[in-house]
Amino acid sequence: MPDLHHILFFSFAAIILFSAGMVAFRPRPVESAMWLILNFFVTAGLYVLLGSHFTAVIQVLVYAGAIMVLFVFVILLLNLDPRELGTEGGASWSSLVLFMGFLSFVLVALQLATPDLLKAPAALPEGSTFGSVEAASRELLTKYIWGFQLSGIILLLALIGVGLIAYRKAKVPQVKGAQA
Amino acid sequence: MTTTVPFAYWLILSFGVFCFGACGFLIRKNALSLLICLELMLSAVNMAFITFARMHMSEGGNILYFLVITVAACESAQGLALMINYFRLKQNIRLDDARALAG
């Protein structure tokens with residue numbers, strides 16, 4: 001009898017793969033973005049199954065919330081018609097197949113080298129704090145403090161860069177006559 | 001609540017999502033869809049990170065996830081800003097026409 005975890009995992013995995021395919025192959029960017037939001041939500045569900053609750057919350061808040069809102073905002077701001085999007089197709093399939101073949105070779109080699117990957121994982125030990133906010137933030141602020149500081153600097157630089165790229169000097173409108 | 005599904009399945013799922021993202025990245029012809037597929041690939045990599053974190057009972061994977069979404073946020077903000085500027089310049093976001101640096 002299949003247990004609950006397997007049923008949940010495979011149904012989530014089916015939704016994730018389907019929505020990933022929709023993201024990759026729907027022609028209009030706004031459809032891609034909507035499917036991507038679904039993908040991120042269900043991925044957060046998978047993180048809960050793995051016992052990593054902190055990252056599940058971050059996934060919904062930051063990925064599905066903040067980043068995708070930015071995407072949808074820009075899509076609606078540009079308001080593109082199909083002519084401006086360009087035609088699809090003309091992919092370089094040979095390089096794609098080569099790339100995927102190499103990646104899957106690495107994956108198969110990894111699983112041949114580590115047979116434990118195919119066994120059912122051991123349960124979390126009693127009193128384990130894996131994935132909790134407390135454990136994650138303790139590690140983040142002690143062991144990985146330099147990474148944390150660097151990510152803050154990267155965010156600041158990105159903010160300045162976006163400001164510099166997107167800023168445009170406001171032109172003073174020329175007043176022509178008295179109409180309007 | 002802990003999983004009983006073997007870790008190999010999680011890694012294969014992550015690989016599948018990454019494949020879809022890479023396919024989309026290579027076949028799409030407008031900059032917006034490219035950025036979206038990039039996010040999909042980063043999310044797939046994140047899934048592998050979380051799986052490895054659970055496998056080794058270590059928080060390191062969760063921290064890497066945190067760093068990756070920081071970079072993803074920066075990258076999408078920069079990309080979208082560049083794209084808005086490009087759209088102002090050319091009135092389209094077709095990548096086939098963006099050949100000024102192609103040599």
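At a glance:
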| item | result |
| --- | --- |
| Verdict on A:PHE18 being closer than 28 Å to A:VAL162 by Cβ, in a helix (DSSP H, G or I) and free of Cβ contacts under 8 Å to residues at least 24 places away in the same chain | no |
| Qualifying residue in segment A:67-83 (condition: acidic (Asp, Glu), more than 13 Å from the chain's Cα centre (by Cα), in a helix (DSSP H, G or I) and within 26 Å of B:GLN78 (Cβ to Cβ)) | no |
| Residue in segment A:126-139 that is surrounded by the fewest Cβ atoms within 10 Å (Cβ to Cβ), counting only those that are more than 9 Å from chain B (Cβ to nearest Cβ) and among the charged types (D, E, K, R) | A:GLU126 |
| Every residue from segment B:88-103 that is under 21 Å from B:LEU26 (Cα atoms), in contact with an Asp or Glu (Cβ under 9 Å, 6 or more places away or on another chain) and free of Cβ contacts under 8 Å to residues at least 40 places away in the same chain | B:ASN92 |
| Condition met for A:GLY131 (in a helix (DSSP H, G or I), closer than 22 Å to B:ILE69 by Cα, within 22 Å of the chain's Cα centre (by Cα) and not basic (Lys, Arg)) | no |
| Per-region count, segment A:47-64, residues facing another protein chain (nearest Cβ under 7 Å), part of a helix (DSSP H, G or I) and closer than 15 Å to A:PHE9 by Cα | 2 |
| Residue within segment B:55-75 that is more than 16 Å from A:HIS53 (Cβ to Cβ), within 9 Å of the chain's Cα centre (by Cα) and of a type in the set (A, V, I, L, M) present | yes |
| Segment A:109-125: number of residues that are farther than 16 Å from B:ARG54 by Cβ and either surrounded by fewer than 11 Cβ atoms within 10 Å (Cβ to Cβ) or in contact (Cβ under 8 Å) with a residue 40 or more places away in the chain (or both) | 4 |
| Test: B:PHE15 is free of Cβ contacts under 8 Å to residues at least 60 places away in the same chain and at the interface with chain A (Cβ under 7 Å from one of its Cβ atoms) | yes |
| Residue list for segment B:44-78, restricted to those being of a type in the set (S, T, N, Q) and buried (at least 17 other Cβ atoms within 10 Å of the Cβ) | B:ASN46, B:THR51, B:ASN62, B:THR70, B:SER76, B:GLN78 |
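So that you can scan it fast, the table gives a plain yes or no per residue for (1) surrounded by 14 or more Cβ atoms within 10 Å (Cβ to Cβ); (2) hydroxyl-bearing (Ser, Thr, Tyr); (3) modelled with pLDDT of 90 or more:
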residue: A:MET22; (1), (2), (3): yes, no, yes
residue: A:ARG26; (1), (2), (3): yes, no, no
residue: A:LEU85; (1), (2), (3): yes, no, no
residue: A:VAL106; (1), (2), (3): no, no, no
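The values are calculated or read from the model by the stated rules, or taken from the named source; none is laboratory data. A quick note: this is a predicted structure, and the numbers were derived from the prediction, not measured. A quick note on method: Cβ atoms are made from the backbone with ideal geometry, for glycine too, and the neighbour counts reach across all protein chains shown.
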